[in-house]
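Undergrad: Attaching a single structure in structure tokens format; questions to follow.
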Amino acid sequence: MEILLIGQEGQLAFELERSLACLGSVMAVGRKSKIHIDLEDLNGVSALIRAIKPDLIVNAAAYTAVDSAESHQDLAYRINADAVAQLAQEAKGLKIPIVHYSTDYVFDGQSRTPYREEDPTGPLSIYGHSKLQGEIALREAAIPHLIFRTGWVYGMRGQNFLLTMLRLMREKDALSIVNDQRGAPTWCRLIAEATALALSQCVHQGRIQLGDRAGTYHLTAGGETSWYGFAKAIRPLAIERGHLPAECALLNAITTAQYPTAAKRPPHSVLATEKLHAAFGIRLPTWDKGLDLCLTAKAC
């Protein structure tokens, strides 16, 4: 089975390239890869897919700069919506499925219970809205697909909250962290492994056949916390694992109003994952266990 993995430079694709190798031959492409793809160039996207003729497309690429998207709307929609629609049309022509990743930011965060897949959406930001439009384009193409909504993704590569905290805790005496936005921090390696596990259950005669398992699923760690709670958990674990010195920045909790940003964030974007467990038997560990695993893996 030939798997086309898009977004090679990203933290999630780095893990997917390894986890998907058990299913077939993985061709990872991106802006800087030997086999180049630029999601802004829709004609180039089509040409590459038609040349490769993969058996499965996994799209781990996205415009994820949430605040920058507010002033670069055209680029955000081009990558997060238009390119997804183009991928869907090419997959339709080849009669192959797509795996695509979306975000908890498609919700407005007003619910105080975890969002289910069928709950009404209401993104507050250009980033969230552009990702929702990508979801819609993929569904309207009427092809077999898996959309995995995740959130607060981190790892030991790229740009993410964990790495930012590790850097700032070394550089600063004190940090002020927002304590009234809640979500489920999710290690990108667990997302990649869950993706491979789900797909492995859909292999039939060397091809991915999703059948009635096709659709949208929430894929996040268990439990919930705030950004402050996440940072507070990072600090002692990172010291214990040797990622930080014993004397590092102290943490102070603040409100969203005290830390204004260009884009609005949902105050409560915890996702319910029962549908994923019912369909595939997959349930990720709690967010704090995932963090422990991530920092331990890096220390090894």
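Undergrad: Quote to one decimal, in nm, the extra length available between residue 47 and residue 297 on full extension: 0.36 nm per residue of separation minus the C-alpha distance between them.
TA: Here the answer is 86.1 nm.
Undergrad: Hey, another quick one. Which FRET efficiency value, to the nearest 0.05, is calculated for residue 74 and residue 286 with the Förster distance at 51 angstrom and r the Cβ-Cβ distance?
TA: E(calc), rounded to 0.05, equals 0.85.
Undergrad: While we're looking at this one, here's another question. Rounded if a/c is under 1.5, else prolate if a/b is larger than b/c, else oblate: which is the chain, with a ≥ b ≥ c the root eigenvalues of its Cα gyration tensor?
TA: Verdict is prolate for the chain.
Undergrad: Quick one: among 190, 20, 237, which has the greatest mean-square fluctuation in a GNM of the chain with alpha-carbon springs under 10 angstrom?
TA: Result: 237 has the largest fluctuation of those listed.
Undergrad: Pick out which of 123, 260, 144 has the largest mean-square fluctuation in a Gaussian network model of the chain, springs linking Cα atoms closer than 10 Å.
TA: Fluctuation is largest for 260.
Undergrad: Please list, ordered by chain and number, the residues whose modelled amide H lies under 5 Å from the amide H of residue 182; skip anything fewer than 5 residues away on the same chain.
TA: Sorted by chain and number, the residues that satisfy this are 268, 269.
Undergrad: I would also like to ask the following. If each of residue 21 and residue 207 carries a label point 7 Å out from its Cα toward its Cβ, how far apart are those two points in nm?
TA: 2.7 nm
Undergrad: Quick one: among 174, 85, 249, which has the greatest mean-square fluctuation in a GNM of the chain with alpha-carbon springs under 10 angstrom?
TA: Result: 174 has the largest fluctuation of those listed.
Undergrad: In terms of modelled amide H atoms, which long-range or inter-chain residues lie less than 5 Å from the amide H of residue 254?
TA: 177, 178, 179
Undergrad: Keeping to pairs on different chains or 8 or more places apart, tell me how many lysine pairs in the chain have Cα atoms under 18 Å apart.
TA: Eligible lysine pairs with Cα atoms under 18 Å apart amount to 7.
Undergrad: Once the dipole of the chain is set up with Lys and Arg at +1 and Asp and Glu at -1 on Cβ about the Cα centre, which of 165, 141, 271 lies farthest towards its positive end?
TA: 165
Undergrad: First measure r as the distance between the Cβ atoms of residue 172 and residue 136, then evaluate 1/(1 + (r/R0)^6) with R0 = 41 Å and state the FRET efficiency to the nearest 0.05.
TA: The pair residue 172/residue 136 has a calculated efficiency of 0.50.
Undergrad: Please list the non-local residues whose amide H lies under 5 Å from the amide H of residue 31, H modeled 1.01 Å from N, same-chain partners needing a gap of 5 or more.
TA: The answer is 8, 9, 37.
Undergrad: Follow-up. How high is the FRET efficiency from residue 277 to residue 161, r the C-beta distance, R0 30 Å, rounded to 0.05?
TA: According to the calculation, E is roughly 0.70.
Undergrad: Additional query: Can you list the HN-Hα couplings for the range 102-107, worked out from phi with the Karplus curve (6.51, -1.76, 1.60; θ = phi - 60°), rounded to whole Hz and with x for Gly and Pro?
TA: Ordered by residue, 3J(HN,Hα) equals 10, 9, 5, 6, 6, 9 Hz.
Undergrad: Follow-up question, since we're still on this one. Read phi for every residue in the range 9-14 and hand back ³J(HN,Hα) as whole Hz from Karplus 6.51 cos²θ - 1.76 cosθ + 1.60, θ = phi - 60°, with x for Gly and Pro.
TA: For the range 9-14, the Karplus curve yields 6, x, 5, 6, 4, 4 Hz.
Readers should treat all values here as calculations from the given coordinates under stated rules, not as data from a laboratory. As the structure is a computational prediction, the values presented were derived from the model and not from experiment. Don't worry about glycine lacking a Cβ; one is built from the backbone with ideal geometry, like all the others, and counts go over all protein chains shown.
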